[in-house]
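What follows is a single structure, written as structure tokens, with notes after it.
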Amino acid sequence: MNYELIYTFAITTAALAITPGPDIIYVLMQSVINGKKDGIATAFGLVSGCLIHTSLLAFGVSALIKENHLILIGIKVFGALYLFYLAFNVFKSASEIALNVATVPKKSAFALFKQGFIMNVLNPKVTIFFLAFFPGFLFSEEMSPVLQFYILGFIFILISFCVFVLIAILSGMVSKYLRANKKIGFILKWMQIIVFIGIGVYLLFSNN
């Protein structure tokens, strides 16, 4: 078992989790409008949806790998190219982080959980991202690929949830800081670009 791969996956997941993607902005806005508890409910809904994507990945890709190990190489190359594409999209996007509180409706905690879950499950980009990201971090030749994908999925869910909860708890401070420091958007934008490119390069040159 390659523990270094697991540590690398965890660190990379944490770096991705703190970058200002749609999910983290959504949790932040719900926390500012509805309160910290509802922000946490939103976060729980979002990460719960990741279980569906993990299952699709675990059983689908594992079956393909069993048929032909070369398919894994093809998946990793696809993953690298997709991550480079994401980096390019971030590069083209604006550096400002828009926090439009007026457009966020108030909802119950259960409604926010359900909406977060549905948003995540029905987002095909999450499935594609999991397909691009996870296969390069399979960490054992003896363990079943299905089990490895689930372990990586739970690590991803746990770290993402911890970051989202922290954002929800500190929502007031975070929103004020983002509004007061316009340059932070530029820094986080380039952090996201570097992380995407770094993972892509790793996938292309890793031997696992």
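The values are calculated or read from the model by the stated rules, or taken from the named source; none is laboratory data. Everything quoted here is computed from the prediction, not taken from an experiment. A quick note on method: Cβ atoms are made from the backbone with ideal geometry, for glycine too, and the neighbour counts reach across all protein chains shown. Areas reflect the complete protein model, heavy atoms only, side chains present, ligands, DNA and RNA absent. Shrake-Rupley method; radii C 1.70, N 1.55, O 1.52, S 1.80 Å.
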Go through the residues of the range 76-84 one by one and say whether even a single one is surrounded by fewer than 19 Cβ atoms within 10 Å (Cβ to Cβ) and either more than 19 Å from the chain's Cα centre (by Cα) or among the polar types (S, T, N, Q) (or both). yes
For the subset of the range 105-117 comprising residues that are open to solvent by 80 Å² or more (accessible area, probe 1.4 Å) and in a helix (DSSP H, G or I), which member is modelled with the lowest pLDDT? Phe110
Inside the range 41-99, can you point out the residues that are of a type outside the set (Gly, Ala, Ser), farther than 23 Å from Ser160 by Cα and not in a helix (DSSP H, G or I)? Asn68, His69
Mind listing just one residue for me: the one in the range 122-147 that is part of a helix (DSSP H, G or I) and of a type in the set (Phe, Trp, Tyr) and, of those, surrounded by the fewest Cβ atoms within 10 Å (Cβ to Cβ)? Phe129
